[in-house]
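Here is the structure we will look at.
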Amino acid sequence: MQSIIRISAIIFKELKQLSRDRITFAMVVMIPLVQLLLFGYAINTDVRYLPAAYVDLSQTASSRLLLDRIRATQVVNFVTHYDSMVAAEQAITEGKVSAVLYLPADLELRLLQLHQAAAKTLARPAGHWVVDGSDPMISSAVRGLRLMPLQEDSKTITKTAVSFEVVSYFNPEQRTAVNIVPGLIAVILTMTMILFTSAAIVREREQGNMEFLITTPIKPLELMLGKIVPYILVGFIQMLIILALGHLLFDVPFAADLLSLFIITFLFICASLALGLLISTKAQTQLQAMQMTVFVLLPSILLSGFMFPFAAMPEPAQWLAELLPATHYVRMIRAVVLREAHWFDLGFDSLCLLLFSLIALSIATARFKKRLD
């Protein structure tokens with residue numbers, strides 16, 4: 001009986017302490033809530049509204065009808081059009097669109113051949129799709145548009161399905177590893193960089209070094225930069241290990257511009273480290289720092305486009321994902337490694353990472369300065 005009383009006292013004490021630890025208590029509630037919302041609402045494996053473009057050299061009623069029927073499938077969303085395939089292919093390389101539909105100038109003749117029963121077996125495809133094959137899910141979704149049944153709205157359009165060729169760029173074999181390995185760099189760097197620095201200030205406090213730091217002439221910004229710089233080298237080492245093993249073990253192609261690769265990785269490492277420092281100025285213990293790191297890591301994995309197509313997510317989830325550094329880096333690392341893009345072709349994502357780093361570092365510095373007062 002006395003043992004039960006003592007155990008009950010410890011249980012009451014732990015619950016009381018947990019209720020006073022606001023950050024831990026918030027994580028207990030928020031982590032399952034966030035996971036439920038992400039998996040139930042934001043994560044969607046049905047690919048819809050992929051950003052696409054078209055090159056219509058026909059400019060006829062038939063071509064407009066074809067475009068309307070393809071829009072009706074909701075698989076792609078034609079966000080723009082180009083006058084030539086050269087410009088369209090550059091847009092795929094830069095990641096502006098995931099697919100391009102090419103309709104040739106002789107579209108009417110091809111549809112007329114299809115209309116004639118004797119020529120059905122000899123009819124040429126009405127056009128072709130050019131797809132960013134670096135993501136097999138996107139490529140598979142567009143391949144579902146190879147045959148388009150059309151209503152008989154004109155002399156040249158019949159109920160017979162109109163066919164399209166599908167050309168996959170960058171990953172014609174549709175191997176999943178080609179898509180996963182570059183994205184894995186973003187996940188691993190997010191986890192390690194934030195985890196390393198999220199405990200930086202907390203560790204100084206727990207080890208009793210905070211009083212020493214206060215008495216030194218070092219400025220808050222100098223302390224923050226000193227905490228960040230050593231881990232930049234660690235991040236580059238991790239990136240090179242993943243790319244090298246991915247190439248050796250899974251035959252992931254590697255034809256990237258090394259300068260672009262190092263520039264975008266440097267921007268992402270700085271953003272992740274700055275976020276870790278920001279967490280470190282908020283957390284009171286290393287356990288809290290780890291919990292907050294997990295809270296950031298889950299959305300980074302699920303919303304960044306690493307596992308699920310970014311375009312398939314609802315707009316509110318996409319807005320939230322744009323606030324995460326991993327979202328921008330996943331797009332950039334796949335563009336540089338798989339599509340041979342250059343860092344200056346990825347200006348929007350580069351600017352977002354730079355601004356995120358500056359804002360997070362400024363807030364972390366200001367918060368630490370307040371603690372010195």
| remark: Counting only helices (runs of 4 or more DSSP H) wholly inside segment 181-254, the ones holding at least 2 residues that are modelled with pLDDT of 85 or more and closer than 30 Å to residue 170 by Cα are 220-250
| field | Criterion: modelled with pLDDT of 90 or more and open to solvent by less than 70 Å² (accessible area, probe 1.4 Å) - qualifying residue of 111, 66, 57, 103 | value | 103
| said: Looking at segment 245-262 only, could you name the residues that are open to solvent by 30 Å² or more (accessible area, probe 1.4 Å) and closer than 29 Å to residue 277 by Cβ? | reply: 258, 259, 262
| task | Output yes when any residue across segment 146-156 is at pLDDT 85 or above and open to solvent by less than 70 Å² (accessible area, probe 1.4 Å), and no when none is. | result | no
| query | Name the residues in segment 301-317 that are assigned to a helix (DSSP H, G or I) and either open to solvent by 40 Å² or more (accessible area, probe 1.4 Å) or β-branched (Val, Ile, Thr) (or both), would you? | reply | 301, 310, 315, 316
| query | Residue check: is residue 349 open to solvent by less than 20 Å² (accessible area, probe 1.4 Å), out of contact with any strand residue (DSSP E or B) (no Cβ under 9 Å at 6 or more places or on another chain), assigned to a helix (DSSP H, G or I) and outside the structural domain of residue 130 (by TED's automatic domain parsing)? | reply | yes
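The values are calculated or read from the model by the stated rules, or taken from the named source; none is laboratory data. Worth saying up front: this structure is predicted, and the values here are computed from it rather than measured. Because the Cβ atoms are built from the backbone with ideal geometry, glycine has one as well, and the counts that use them run over all protein chains shown. Remember, those area values only see protein heavy atoms, side chains included, never the ligands or the DNA or RNA. Shrake-Rupley method; radii C 1.70, N 1.55, O 1.52, S 1.80 Å.
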